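The values are calculated or read from the model by the stated rules, or taken from the named source; none is laboratory data. Only a predicted model underlies this, so the values are computations on that prediction, with no experimental measurement involved. Every residue, glycine as well, gets a Cβ built from its backbone with ideal geometry; the counts of neighbours run over all protein chains shown. All accessible areas refer to the heavy atoms of the entire protein, side chains included, with ligands and DNA or RNA removed. Shrake-Rupley method; radii C 1.70, N 1.55, O 1.52, S 1.80 Å.
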Amino acid sequence: DSGVTQTPKHLITATGQRVTLRCSPRSGDLSVYWYQQSLDQGLQFLIQYYNGEERAKGNILERFSAQQFPDLHSELNLSSLELGDSALYFCASSGSGTGGYEQYFGPGTRLTVT
Amino acid sequence: GDSVTQMEGPVTLSEEAFLTINCTYTATGYPSLFWYVQYPGEGLQLLLKATKADDKGSNKGFEATYRKETTSFHLEKGSVQVSDSAVYFCALRRSGGSYIPTFGRGTSLIVHP
C-alpha cells in the first residue's frame, strides 16, 4: 500500500460528459502529480501541484484541469469527454516540490468513455 | 530534452531464468535513475533507485547499476519467478531544472512456470 488513495476505481461515462477524479496523497507529501496511461501513449505526465499551487504542466489538454486543496487532496476534472480520453489516470505524490524524492503512486482510476 | 529508452517487450521467460531489461537515457547533468514496477491492475511502485554514477540499486533480488559512461541503467535478476510478471518502467529525474521524472514506455515481463 503506497498510502496514496484514488477514487473512484472505475468510471464509465458518455462522450461530452464531465467527470472528477480525486486523489489523496501520502500523509505529509506536499506534491501531487497526475498521469494518464494508455496503451498507445504510455505514461504521460499531465500536471503537478505543490502545496496548493500549480508547479509544472505537461501534456494536459485544455479540456482538463486540476486543483489541490488546502488539505492537500487533489482533483482532476475532465470535460467534453471524447472516446480517446479512455485511459488509466494515476495520481502520485512525493515529499517535496523539487521532486527530490521518489514518487508514490495510487492505484489509479480507469476511465471508460462510451 | 530528457529521454529514456527501454527495450521493447514483451519479454517472455521461464521460471528461474536470468532477466535483463535494458534501459538507456539522455539527460543533461547528473540525473537520479529509477526502476518502477506495475503489477496487473495496480499503480506503479518504486523497485529501486540510484542517485549517482556507479551506484547499484537493489531490491527483491533485482539490481541495476548506474553507468554514466554508457548512460545506462539495466535491470537484472538472477532467477525470476512467476510473481515477477509485471510491467517495468525505467525513469530519470534531473538534478536541476525540471523536477518532473521522465519515464520510459515500459517493458512487459511474462514469466511461465
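Has region B:88-101 got any residue that is surrounded by 14 or more Cβ atoms within 10 Å (Cβ to Cβ), at the interface with chain A (Cβ under 10 Å from one of its Cβ atoms) and at pLDDT 90 or above?
Yes.
Among residues belonging to region B:5-43 that are over 12 Å from the mean Cα position of the chain (by Cα) and under 14 Å from residue A:105 (Cβ atoms), point out the one that is least open to solvent (accessible area, probe 1.4 Å).
B:43
Table: residues versus (1) open to solvent by less than 30 Å² (accessible area, probe 1.4 Å); (2) at the interface with chain B (Cβ under 9 Å from one of its Cβ atoms).
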{"position": "A:23", "(1), (2)": "yes, no"}
{"position": "A:39", "(1), (2)": "no, no"}
{"position": "A:66", "(1), (2)": "yes, no"}
{"position": "A:73", "(1), (2)": "yes, no"}
{"position": "A:83", "(1), (2)": "no, no"}
{"position": "A:93", "(1), (2)": "yes, no"}
{"position": "A:108", "(1), (2)": "yes, yes"}
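Return the residues of region A:2-21 that are under 13 Å from residue A:103 (Cα atoms) and surrounded by fewer than 20 Cβ atoms within 10 Å (Cβ to Cβ); say none if nothing qualifies.
A:2, A:3
Taking region A:2-43 only, how many residues are acidic (Asp, Glu) and free of Cβ contacts under 8 Å to residues at least 24 places away in the same chain?
Going through region A:2-43, the residues acidic (Asp, Glu) turn out to be A:29, A:40.
From what's left, free of Cβ contacts under 8 Å to residues at least 24 places away in the same chain: A:40.
So the count comes out to 1.
Hey, can you tell me all the residues within region A:13-29 that are of a type in the set (D, E, K, R) and more than 17 Å from residue A:83 (Cα to Cα)?
A:22, A:26, A:29
Tell me, which residue of region B:48-83 that is open to solvent by less than 10 Å² (accessible area, probe 1.4 Å) and not small (Gly, Ala, Ser) is nearest to residue B:3 (Cα to Cα)?
Out of the qualifying residues, it is B:73.
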